[in-house]
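The values are calculated or read from the model by the stated rules, or taken from the named source; none is laboratory data. Note that the coordinates shown come from a computational prediction; the quantities given were computed from them, not determined experimentally. Backbone-built Cβ (ideal geometry, glycine too); neighbour counts: all protein chains shown. Heavy atoms of the whole protein, side chains included, go into the accessibility calculation; ligands, DNA and RNA do not. Shrake-Rupley method; radii C 1.70, N 1.55, O 1.52, S 1.80 Å.
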Amino acid sequence: MLLEFLKAMSELQKLREEIDNLDEKLIEILKRRFEIVKRIGEIKRREGRSSLDLSREREILRRLLELNRGFFPEEALKVILLEIINTCRQAQEPTRVAYLGPEATFSHMAALEFFGQTAAFLPVESVLDVFEEVESERARFGVVPVENSIEGTVSTTLDAFSQYKVRVCGEVYIPITHNLLNQTGRREDIKKVLSHPHALAQCRRWLRKNLPSVAIEEVASTALAARWAAVDPTVAAIASPLAARTYHLQVVAKHIEDYKGNVTRFWIIGRESPAPTGEDKTSLFFSVSDRPGALYEVLKTFAERKINLTKIESRPAKSEPWRYLFFLDCEGHVEDPILKECLEEVKRHCLHLEWLGSYPRGHL
C-alpha cells in the first residue's frame, strides 16, 4: 500500500514538473509573440497603415481552432486566443474605446467581448456621445447598440449616422439576461425599481406579477440603475451579472426577462472600414423616388445577383416630413466585385445612397 502511494506521488511530481516546464515555454512563446507584434506595429506606422486587421485576426482564430480539433474546450480556447490577439494589438497601438456607460452596461460587456480587457475604455453618457468621441478622434472606436432581438432597432444609433461621419467596422452579439439587484438580496426592501427603458420593457410581465405595487422609473442605462441601488437601500436595479459584481450588489432574482434568448447586436464604429475577410456584411442607407416600383427596382438588383439581404427597414427622414430612408444589411464586402457591381446599379435607382461600412460578420 505504501509502495503504491509513493509510486503515485512520484508520478504526480513528474507530471507537475512537466506542467511547470510547459508553462515556462508558454510564457517565452507569449513574450516572443508580443515582441514580433510590436515590430509589425512599427512597420505599419512607418507605412501609415492601420494596426486593426480584422481579416488577419479572424484567419488566425479560425486556423488555431481547426488545429485544436475540439481537444481543448473550444469556447474557453476562443476566449484565451481572443485575449492574446487583443492584447498584442495593444502593443502595436493603444486602443481607446468609447461606450455607453457607466461601467458594467451591456455596451461595456460588448466592448470587452470585442476588444479584450487591455483596451483603454471610455464610458460616456449617451449613444450620441459615443459618435462624438469617435468623430472627434478622442476615441479610435466606439461601441453602440443597434438592434435587440425583442425590442427591435435602436433608432438613436441609426439616426446618428446622418449627423456623424463614421463607419461601421465590426459587430458583436451579446446575450441579454436581466437580474434584479439590490443591497440586501431581499425583495421586501424594494420601494422602487430603476433601469433602462429597454430593460424595463423586457421584464414588464415579471415586474407586474412579482412587484405590482412598486414604482418603476427609467434611467439612462442599466449600470446607472445599479449605481443608484448601491447607494440607496430602497432601490433595486434591473441590470447585468457584471453590474452585480462591479457595484457589490446582491441578486434578488435571476433571469427575470419575459422572453428567453434575448440578444442585442452592437456595432463597432470607427473612421475606417476593415479589409474583406470572406465572411462580411455591408450596411447601407438609401432613398428612392415616390413612385410605384421604385423600391422593387433596388431590391431586384440584389436578388438578380443572389446577394442575401439580412435586414431592411424604413426610417423617417429627419429633414423632410413623410419622406423615408431605407436601412439595409446585406452579405458581402463593398470591395467584393459582385457587390461593387450591384451598388453601382443601385445608385441609378436611388435618390440617395450612403455606405455605412463593411465589416466581419459577428456570430451568436
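No solvent, one uniform scatterer per C-alpha: report log10 I(q)/I(0) for the chain via the Debye equation at q = 0.15 1/Å, two decimals. Log10 I(q)/I(0), no solvent term: -1.31.
Sequence-distant contacts, meaning Cα pairs under 8 Å at least 6 residues apart, place the relative contact order of the stretch 217-320 at 12 percent.
The fraction of accessible area contributed by carbon and sulfur in the chain is 54 percent, rounded to a whole number (1.4 Å probe; ligands and nucleic acids excluded).
Taking label points 7 Å from Cα along the Cα-to-Cβ direction, L3 and R204 give a separation of 7.6 nm.
When nucleic acids and ligands are ignored and a 1.4 Å probe is applied, D258 ends up with an accessible area of around 30 Å². To the nearest 10, the accessible area of Y296 is 140 Å² with a 1.4 Å probe.
What do you get when you divide the Cα radius of gyration of the stretch 179-240 by 2.2 N^0.38 Å, with N the number of residues? The partial results should precede the final answer.
Working: Rg = 10.1 Å, N = 62, 2.2 N^0.38 = 10.6 Å.
Scaled against compact globular proteins, the figure is 0.96.
Every helix of 4 or more DSSP H residues in the chain counts as -39500 (n - 2.57), and over all residues that averages to -14000 deg cm²/dmol at 222 nm.
What helices does the chain have that are whole DSSP H segments, at least 18 Å long along their own axis by Cα, and with mean Kyte-Doolittle hydropathy of -0.5 or more? Can you show the working numbers first?
Values: long enough: 2-47 (67 Å, -0.57); 54-68 (21 Å, -0.62); 74-92 (27 Å, 0.27); 337-349 (19 Å, -0.68).
Qualifying helices, which must be both long enough and hydrophobic enough, are 74-92.
When you restrict to C-alpha pairs under 8 Å that are six or more residues apart and normalise by the size of the stretch 55-135, the relative contact order lands at 29 percent.
Shown here is the pair-distance distribution of the stretch 96-176: with all Cα-Cα distances grouped in 5 Å bins from zero up to the longest one, the shares run 3, 16, 28, 29, 17, 6, 1 percent.
Cα convex hull of the stretch 1-114: mean projected area in nm², to one decimal?
Details: hull surface 43.9 nm².
Result: a mean projected hull area of 11.0 nm².
When the P(r) of the stretch 32-93 is calculated, the portion above 17 Å amounts to 44% of the C-alpha pairs.
Hey, what's the Kirkwood Rh for the stretch 241-347 if you take every pair of different alpha carbons, in angstrom?
17.4 Å
Among the protein heavy atoms, those of L3 account for about 140 Å² of accessible surface (1.4 Å probe, every chain in place).
Work the Kirkwood hydrodynamic radius out for the stretch 300-364: mean of 1/r over every pair of different alpha-carbon atoms, inverted, in Å. Mind dumping the intermediate values first?
Working: mean 1/r = 0.0759 Å⁻¹.
Final number for the Kirkwood radius of the stretch 300-364 is 13.2 Å.
A straight chain from R245 to I19 at 0.36 nm per residue would run longer than the Cα-Cα distance by 78.1 nm.
Tell me which trypsin sites (Lys or Arg not before Pro) from the stretch 57-138 have a DSSP coil assignment and no more than 14 other beta carbons within 10 Å of their own.
Details: sites: R58, R62, R63, R69, K78, R89, R96, R138; in loops: R69, R138.
Here the sparse-neighbourhood loop sites are R69, R138.
Probing with 1.4 Å while keeping every protein chain in the model, the per residue accessible area of the chain equals 55 Å².
Rg of the Cα atoms in the stretch 52-194, relative to 2.2 N^0.38 Å, amounts to 1.23.
Report the full-extension gain for the segment R46 to E93: residue separation times 0.36 nm, less the Cα-Cα distance, to one decimal in nm.
Working: separation 47, 0.36 × 47 = 16.92 nm, distance 1.27 nm.
Stretched out fully, the R46 to E93 stretch lengthens by 15.6 nm.
Name all residues of the stretch 283-302 having a backbone nitrogen under 14 Å from the label point set 7 Å from the Cα of L65 along its Cα→Cβ direction, giving them as ranges. Backbone N within reach: none found.
Note down the relative contact order for the stretch 96-176 as a percent, whole number, built from C-alpha pairs under 8 angstrom at least six residues apart. Display every interim value, and only then the final one.
Numbers: 111 pairs, mean separation 27.6, N = 81.
This gives 34 percent for the stretch 96-176.
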